[in-house]
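Reading through the structure tokens given below for one structure.
No lab work stands behind these numbers, since they all come straight from the coordinates. Just so it is clear, the model here is predicted, and its values are computed rather than measured. So basically every Cβ, Gly included, is an ideal-geometry build from the backbone, and we count neighbours across all protein chains shown.
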Amino acid sequence: MSDASLLREKNYSHNVVYEYDCRNLVRGFVLKGGKPTLLLIAEENLGSPEALLDLSILESLLGSSSVTYEDGVLDGLSLVSQGAVEQVILDESIFDRERIYLKTAGRSSAVELNPEDLRKVLADLGFDSESDKPRLIPYDFGYAASEQTTKQRVISGIQPSGDMTLGNYLGAIINWKKQIEKYDENFFFLADLHSLTVLPDPADLRDRIRQTVMTLIACGLDLKQAVLFRQSDLGGYHSELAWIFSCLTPEGRLEQMTQFKEKSQKQQIIGTGLKTYPILMAADIALYQSTLVPVGDDQRQHLELCREIVRRFNHRYGYTMPVPKADIPKALARVKSLTDGTKKMSKSDENRDGCVYLLDSPDEISRKVKRAKTDSDPTLRFDEDNRPEVTNLLSMFKVLSGRDSEPNDAIEAYFNGKGAKGLKEELTEVLVETLRPIREKYNELATTSEQVDVVLKQGVERAEPIAKKTLALAKQRVGL
Ligand code: AQP
């Protein structure tokens, strides 16, 4: 529907404002002290309010030094009429979108426009970048631009459900390290509440929590830059938001989750937590106003559900948290088991020969890789569908040897005539060298136990204020 008349339907009484989003989210701004201004921003998935809008840019555009930002969507905020608005600040990247939804807090529906219609609406209303009044101020806030220009808050978690595997390393940890270098705000956590879904032995779980922290430190996570905390240390916030989210999540969606289907087949008792796990995961992410979630491909479906839940919350109660994006590695997003190329390498797998663990000794690595399943075709080719095991080994080599930007045929050509034996030998070598410093650092850390406590204590101190603020806002929004 293109409905320019709706834009003129109501008068609006606020100094400014507007919210724009291409996916039905609502975001409100009040700019006090400026001229009545319509603000059209190509916002997508951005983090904290401060990150959303650089007020100094806005102040210079408005020629005012008294611009303030007010969080949340205001009741009664309505569509604009020509008389009230003196100027429009228009983020030009809006026109990169296929569809634009204009929506206000007072209405439950949005006006869908294509970019050209928006241009017509603005022209109809008399806004023109050539004239002085009403003024159209085109500006590129860069919100639709690349990740480099956008502030991101990164979050990701790992379950202390077993010894960390090469799957965790390639699917998550190396990506976490890249994010730490790229972005200022990085939160990583031990998802210990999640690991209860498979009813671990309490003493084992306690040990694993510490071991997982030590392994993460040994992998070289820069904990001056990044925050590492334990989920259950802030469990009240996580579970309260998860409860609010659960009331918004259709039960049927949870049953569609592949991981639930797979894991419930392995469990004697299928706890409700196994099914509601993705809701807790959505809360873990939203609680920290996170925008980017580096995960392996196995989490893609859960992340999509998280995005749905956050959108639903924002849509119903007003903008409260950004809709996060998954950041899934392009090469080797899902590391497969060494013994079955159709299964992911998983730390809770009972068959330990299927996994390379980050703390495996060189002999163990060599033994496992030697016994890894391949097929009878001596020519090595990437073929995910028909030759999953060979593809898995080739992909591991490609990423671990730092050749991930090369095309697959270059790797195939490199192994031409070397056969599975040659591939296994070279893979072993590169695995041993990659994991050696991790194992050595871990052994060093294991001699003193205090560092784990210090790291976790600092993590809580840095994470709690954000969790507290988001939960308070979410509760207020839903009427609590
Ligand atoms: N095989 C994998 N390939 C790519 N990424 C992976 N990840 C895990 N396995 C692979 C990524 O590692 C992060 C933490 O994962 P997790 O602790 O949630 O899952 P897990 O290691 O797979 O542990 P479990 O207990 O054995 O869980 P399930 O039963 O789910 O397999 C995530 O970013 C994940 O994507």
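Here region 352-446 is treated with +1 on each Lys and Arg Cβ and -1 on each Asp and Glu Cβ, and its dipole about the Cα centre works out to around 320 debye. Of the chymotrypsin sites (Phe, Trp or Tyr not before Pro) found in region 263-335, none is in coil by DSSP with at most 12 other Cβ atoms within 10 Å of its Cβ. Loop-resident GluC sites (Glu not before Pro) (DSSP state other than H, G, I, E or B) in region 343-400 with no more than 10 further Cβ atoms inside 10 Å of their Cβ: Glu350. Region 396-448 and region 458-475 have their alpha-carbon centroids 40 Å apart.
For Tyr317, neighbours were defined as the other residues whose beta-carbon sits under 11 Å from its Cβ, and their charges (Lys and Arg +1, Asp and Glu -1) total +4. Applying 1/(1 + (r/R0)^6) with R0 = 41 Å to the Cβ-Cβ distance of Asp453 and Glu433 gives a FRET efficiency near 0.80.
The trypsin sites (Lys or Arg not before Pro) of region 301-351 meeting both criteria, a DSSP state outside H, G, I, E and B (loop) and at most 16 other C-beta atoms within 10 angstrom of the site's C-beta, are Lys330, Lys343.
Between Arg371 and Asp404, how high is the FRET efficiency from 1/(1 + (r/R0)^6) when r is the Cβ-Cβ distance and R₀ = 41 Å? Nearest 0.05.
Working: r = 26 Å, r/R0 = 0.62.
After rounding to 0.05, the efficiency reads 0.95.
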